[in-house]
1. Sort 27-38, 49-60 by the packing proxy (mean of other Cβ within 10 Å over each peptide's residues), most packed first.
2. Can you tell me, using C-alpha contacts under 8 Å and at least 6 residues apart, the relative contact order of the chain as a whole percent?
3. Counting Lys and Arg as +1 and Asp and Glu as -1, what is the net charge of the other residues whose Cβ lies under 14 Å from the Cβ of residue 58?
4. Between residue 47 and residue 25, what is the label-to-label distance in nm when each label sits 7 Å out along the Cα-to-Cβ direction?
5. Near residue 40, within a Cβ-to-Cβ distance under 13 Å, what is the net charge of the other residues, with Lys and Arg +1 and Asp and Glu -1?
6. Count the net charge of all other residues whose Cβ sits under 13 Å from the Cβ of residue 23, scoring Lys and Arg as +1 and Asp and Glu as -1.
7. Given bins 5 angstrom wide, list per bin the percent of all Cα-Cα distances in the chain, short to long.
Amino acid sequence: MKNVISMPKVFQDPKYRGKHIILAAGKVYTATTGEQAAKILKRLEKTHPEVTPEVAYLPKARSLILWM
């Protein structure tokens, strides 16, 4: 079986900490800002219109996230 990339696998990899993660078309795309992530999503929309990307932000270790 082919090695499938999934969000749980990406979340376990420390190299993605502090980045926006986009998983689409069997690839992982990363961005350091939301603006960069939006550009990647627009590009993916044009190149892979049939794919629904998974998008997440993986905070750095020991980050405090306030939810209101």
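1. Order by mean packing, descending: 27-38, 49-60.
2. Normalised by residue count, the contact order of the chain is 36 percent.
3. With Lys, Arg at +1 and Asp, Glu at -1, the net is +4.
4. So the two model labels end up 0.5 nm from each other.
5. Local net charge: +3.
6. Every neighbour counted, the sum reads +1.
7. Pairs per bin, as whole percents: 4, 16, 26, 22, 18, 10, 4, 1, 0.
Readers should treat all values here as calculations from the given coordinates under stated rules, not as data from a laboratory. Computed from a predicted structure; not experimentally measured. Cβ coordinates were reconstructed from backbone atoms using ideal geometry, including for glycine residues, and neighbour counts include every protein chain displayed.
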